[in-house]
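Working notes, structure below.
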Amino acid sequence: MDIPAVYQPSELIRLKDINGRLIDYRDTDATCRMRREIAAINEAISSVGLDLVEPEVTREETIIRIGDAVVYPEMKSLWRIFSRGSFAKHGRMYGGWWQCVPKHARAFLTINREPVAEPDYPSHHCRMCYVLAEAAIPIGDLHSISGWETEDGRKLCKLAFNILINADTQSKALAALAQKIEGRKYTTTASREKAAAVIDAVVQRHKPVANLFCTDAAMTLMRFDSEMALLVVSCLIDRGIVALPIHDSFVVQQRYEGELREAMDEAWVAFCSGKITKSFQRDSRKQSYKRATLPGGATLPVTVVPAARRAA
């Protein structure tokens, strides 16, 4: 007798410490609300049929293989992950099997046997940085930089920008980019010099937001873009449309692409107008914190209010 695979995550709101390990926290009104939001999204996703009709797909019982990628179609429930021991950091949705499908193959996803579209926010974090810096967003391709106009050069500049907003020090940013250029952990003088040149070009191109570089800004940017994603997905659910989030893009039935783009525009306007940031700051003020001792003696803020839950 075949036993159907069942996947049901035990916790929808997860908090990790600075080392990426799950830690306990106590609920607030904000975490309870977030849990209800994710539960509602999961209920909507569970109501539709998802499949992948990519020609090179291999199916083996409860898994699907696409090249080197392996996905588990029963993983249809999302959860949110917060980081650095704070609900002010990260917050993106994870867990959906479609998020693990390689980008080139996502065009072969289907929702209720219908073909899909996947609009995204171009240069999402870069544009968000300009909004937060209250600076005008440059016209044109934000990752096209003089001296690095080739396709590979553009990719390198985009990579450098993303590394700069993820790193917390200049030396770490330089080392990370040099390793990417070298394709291995150990770098050479040539790769470090090239990394330094690319970083200098990116800093010059994006002077208005350079103060956000090497400050771990990406964790805060992800906190904001996760709220935008929630707004988009929830808005469409209210209209009877299911959209699958992939951080800065969304998969929806092709016939609803117009409605999705409209919801994405509304979420972007909400971010630019400060509605999302103000709401987030209001939730943060409502939370109280205590210091929790972790293994090794390190301490992190843990949200306190009524009932304790295990982030697992």
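Please state the shape class of region 74-134: rounded when a/c is under 1.5, otherwise prolate if a/b exceeds b/c and oblate if not, all from the C-alpha gyration tensor. Kindly include the intermediate steps, with their values, before the conclusion.
Numbers: a/c = 3.19, a/b = 1.44, b/c = 2.23.
In terms of gyration-tensor shape, oblate.
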Rounded to one decimal in nm, the spacing of the 7 Å Cα→Cβ label points at T169 and T110 is 5.3
Under a Gaussian network model of the chain whose springs join Cα atoms within less than 10 Å, the largest fluctuation of Q253, Q204, Q99 belongs to Q204
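Report, in debye and to the nearest 20, how large the dipole of the chain comes out about its Cα centre when Lys and Arg carry +1 and Asp and Glu carry -1 on their Cβ.
1380
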Here, I18 and A210, labelled 7 Å along Cα→Cβ, have an inter-label distance in nm of 2.8
Counting only backbone N atoms under 17 Å from a point 7 Å out along Cα-to-Cβ of Q254, the residues of region 22-52 in range are 51-52
Two pseudo-spin positions, 7 Å from Cα along C-beta at A40 and at R59, lie apart in nanometres by 3.4
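Just to be sure I understand: of the beta bridges DSSP finds with both ends in the chain, what percent are antiparallel, rounded to 5? Before the final figure, lay out each step's value.
On the way: 30 of 33 bridges.
If I count the DSSP bridges inside the chain, around 90 percent turn out antiparallel.
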Projected onto their principal axes, the Cα atoms of region 53-185 stretch, largest extent first, over whole-Å spans of 48, 39, 35
At R0 = 25 Å the Cβ-Cβ FRET efficiency linking A196 and K103, nearest 0.05, sits at 0.25
Nearest-0.05 FRET efficiency for R33 and V70 at R0 = 35 Å, using Cβ-Cβ distance, is 0.55
Taking max minus min of the Cα coordinates of region 143-205 on each principal axis, largest first, gives extents in Å of 28, 22, 14
Amide H neighbours of F82 at under 5 Å, excluding residues fewer than 5 places away on the same chain, with H built from the backbone geometry, are R14, L15, K16, G91
The alpha-carbon center of region 187-227 and that of region 14-90 are separated, in whole Å, by 28
Going residue by residue through region 201-216, the Karplus relation 6.51 cos²θ - 1.76 cosθ + 1.60 with θ = phi - 60° gives ³J(HN,Hα) values, rounded to whole Hz and with x marking Gly or Pro, of 5, 5, 5, 5, 5, 10, 3, x, 10, 4, 5, 8, 6, 6, 10, 6
Candidates for semi-axes √(5λ) of the Cα gyration tensor in Å are (1) 31, 27, 22; (2) 30, 22, 20; (3) 47, 22, 19, and the calculated one carries label (1)
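Readers should treat all values here as calculations from the given coordinates under stated rules, not as data from a laboratory. Not measured: the values here are computed from a predicted model. Cβ coordinates were reconstructed from backbone atoms using ideal geometry, including for glycine residues, and neighbour counts include every protein chain displayed.
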